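The structure appears right after this line, and notes come after that.
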Amino acid sequence: MSTIQIKDRLFKPYIDRSSIDSAVKRLAAQMNKDLAGKRPLFLCVLNGAFMFAADLFREINVDAEITFIRMKSYEGTQSTGIIKQIYGLQEDIKDRTVVIVEDIVDTGFTMQNLKKQLEEKNPKEIKVATLLFKPDSLQCDVKLDYVAFEIPKAFIVGYGLDYDELGRNLKDIYVVTE
Ligand code: 5GP
């Protein structure tokens, strides 16, 4: 693995594929214990979480379903700023165990907002899995049940995450250089 360039920025290797594999297997093992008999519905948040969700779901060995959603921004009022709304959820989640699968939790606002919108649909419980979590950036109270990696404040690409839509196909995770 070596430093790569995407558009105007340089990125250096940060988390390699085998570490990602181990972390995904660790999370899946925990989920297989927690979710047995619940027939959970995994909600993969596109685009960033597609690779993580595919690898994670492959390791799930209890009855489970998966579906794909997007959070799309629209302009709210001045006080609420940019609001993100769920698109693409066809399933009825009432009384179901839902597992949100996200790529990264940074300030936490996206996750908080997503959870709030899902809670209005009266699921039995909502669990949250994220590949990456930046605890130093967190600005709201959101409970994360499964975290593959805690990382410092820094911009990440690869393994599904993009820089201006590029870099999602990288097998490993890279961090921007200063
Ligand atoms: P939050 O609402 O937690 O601040 O941000 C969540 C969203 O911001 C993520 O789903 C992701 O799209 C984007 N994001 C935050 N940090 C990064 C990062 O380091 N790299 C990439 N590629 N996206 C990020």
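Only one residue in Glu150, Glu119 is modelled with pLDDT of 95 or more and more than 15 Å from the ligand (Cβ to nearest atom), so which one is that?
When all the criteria are applied, what remains is Glu119.
Rundown of residues vs (1) out of contact with any helix residue (DSSP H, G or I) (no Cβ under 8 Å at 6 or more places or on another chain); (2) within 20 Å of Ile93 (Cα to Cα); (3) among the hydrophobic types (A, V, I, L, M, F, W, C), yes/no style:
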residue	(1), (2), (3)
Lys116	yes, yes, no
Asn122	yes, yes, no
Pro135	yes, no, no
Ile151	yes, no, yes
Gly160	no, no, no
Asp164	yes, no, no
Thr177	yes, no, no
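Residue check, Met71 against (1) closer than 24 Å to Ile20 by Cβ; (2) at pLDDT 95 or above, all met but one. Which one?
For Met71, the failing item is (2).
Among the candidates Leu132, Leu138, single out the residue that is closer than 23 Å to Asp16 by Cα and near the ligand (Cβ under 9 Å from one of its atoms).
Being closer than 23 Å to Asp16 by Cα and near the ligand (Cβ under 9 Å from one of its atoms) holds for just one of Leu132, Leu138, which is Leu132.
Based on this model, can you work out whether Leu170 counts as aliphatic (A, V, I, L, M), more than 13 Å from the ligand (Cβ to nearest atom) and more than 14 Å from the chain's Cα centre (by Cα)?
So Leu170 does not fit the description; no.
Return the residues of the stretch 5-16 that are more than 13 Å from the ligand (Cβ to nearest atom) and within 17 Å of the chain's Cα centre (by Cα); say none if nothing qualifies.
Passing the criteria: none in range.
Does the stretch 143-153 include one or more residues that are closer than 30 Å to Ile4 by Cβ, basic (Lys, Arg) and out of contact with any strand residue (DSSP E or B) (no Cβ under 8 Å at 6 or more places or on another chain)?
The answer is yes, given that some residue of the stretch 143-153 is closer than 30 Å to Ile4 by Cβ, basic (Lys, Arg) and out of contact with any strand residue (DSSP E or B) (no Cβ under 8 Å at 6 or more places or on another chain).
The values are calculated or read from the model by the stated rules, or taken from the named source; none is laboratory data. If you're wondering where the values come from, they're calculated on a predicted model, not measured in any experiment. Here Cβ is always computed from backbone atoms with ideal geometry, including for glycine, and neighbour counts include all displayed protein chains.
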